[in-house]
Amino acid sequence: MKKILFTRLGSLMLLCAINGAAIAQQAAKAIVYDTPEFISNYFESASSQPSIMESPVVYVNTKAVRHFIKSFKQAEDVHWFDAVNGMAAHFTMNGTRSRANYDDKGNWLNTIRTYSESALSKDIRDIVKRRYYDYSVTIVNEITDEQRTAYVIQLEDESTLKTISIYDGDMNVIKEYVKSK
């Protein structure tokens with residue numbers, strides 16, 4: 001069960017990291033680091049998986065809808081989509097873009113919140129800025145499941161773009177791009 005959760009968490013963290021790929025198109029050189037196991041599991045299987053969002057959902061599992069209504073009472077602009085092995089609800093809550101992921105049986109898997117540095121908790125911001133004080137935070141993806149919260153954060157300075165993860169107090173570089181001159 002843990003392996004499945006870590007695999008799914010890793011895949012979602014990678015998808016969040018990909019959100020910044022448009023910025024990385026300017027990059028001349030990419031440096032990929034060893035990643036934590038729960039992220040690296042996704043890299044091994046991602047090439048054979050279809051896109052996470054293929055089409056809007058025609059049928060939404062009742063169990064998923066009940067959980068969503070109970071858990072996200074203030075959600076606005078809700079749209080359901082088919083996802084790999086389940087479905088996802090995209091919505092906005094308190095001004096933050098979010099996505100709740102469910103399996104085919106309607107079981108909640110995790111929630112991904114996407115926001116800017118200003119909404120980042122002071123504790124996590126302190127961890128990042130202590131090491132990357134000259135970098136600006138371009139986007140934060142907060143991934144929460146039943147057991148943990150992890151962060152995938154994209155950073156930028158004059159010459160480098162970095163994607164880092166923070167999980168269980170550990171900070172790791174997922175990817176680093178050196179900008180071309």
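Taking the criterion of being small (Gly, Ala, Ser) and either on the phi < 0 side of the Ramachandran plot or surrounded by 14 or more Cβ atoms within 10 Å (Cβ to Cβ) (or both), the residues of segment 80-98 that qualify are Ala83, Gly86, Ala88, Ala89, Ser98.
With respect to the stated conditions, Ile139 is assigned to a strand (DSSP E or B) and farther than 30 Å from Tyr59 by Cα. As for segment 106-115, it holds no residue that is of a type in the set (S, T, N, Q) and over 24 Å from Asp82 (Cα atoms).
Condition first: in contact (Cβ under 8 Å) with a residue 12 or more places away in the chain, under 24 Å from Ile166 (Cα atoms) and not aromatic (Phe, Trp, Tyr). Can you find one or more residues in segment 80-88 that meet it? Yes: segment 80-88 contains one or more residues that are in contact (Cβ under 8 Å) with a residue 12 or more places away in the chain, under 24 Å from Ile166 (Cα atoms) and not aromatic (Phe, Trp, Tyr). Checking the condition modelled with pLDDT of 95 or more and surrounded by fewer than 20 Cβ atoms within 10 Å (Cβ to Cβ), which residue from Tyr115, Tyr133 passes? Criteria check complete, one pass: Tyr115. Only a single criterion out of (1) of a type outside the set (Val, Ile, Thr); (2) modelled with pLDDT of 90 or more; (3) surrounded by fewer than 16 Cβ atoms within 10 Å (Cβ to Cβ) is not satisfied by His67, namely (3). Would you say Asp126 is part of a loop (DSSP other than H, G, I, E, B), more than 15 Å from the chain's Cα centre (by Cα) and exposed (fewer than 14 other Cβ atoms within 10 Å of the Cβ)? No. For segment 90-120, what are the residues that are over 16 Å from the mean Cα position of the chain (by Cα) and either closer than 16 Å to Ala64 by Cα or outside any strand (DSSP E or B) (or both)? The answer is Asn94, Gly95, Asp103, Asp104, Lys105, Gly106, Asn107, Ser118.
Restricting attention to segment 149-181, the residues being modelled with pLDDT of 90 or more, among the charged types (D, E, K, R) and in a loop (DSSP other than H, G, I, E, B) number 2.
The values are calculated or read from the model by the stated rules, or taken from the named source; none is laboratory data. If you're wondering where the values come from, they're calculated on a predicted model, not measured in any experiment. In this analysis, Cβ positions are derived from the backbone assuming ideal geometry, glycine residues included, and neighbour counts consider all displayed protein chains.
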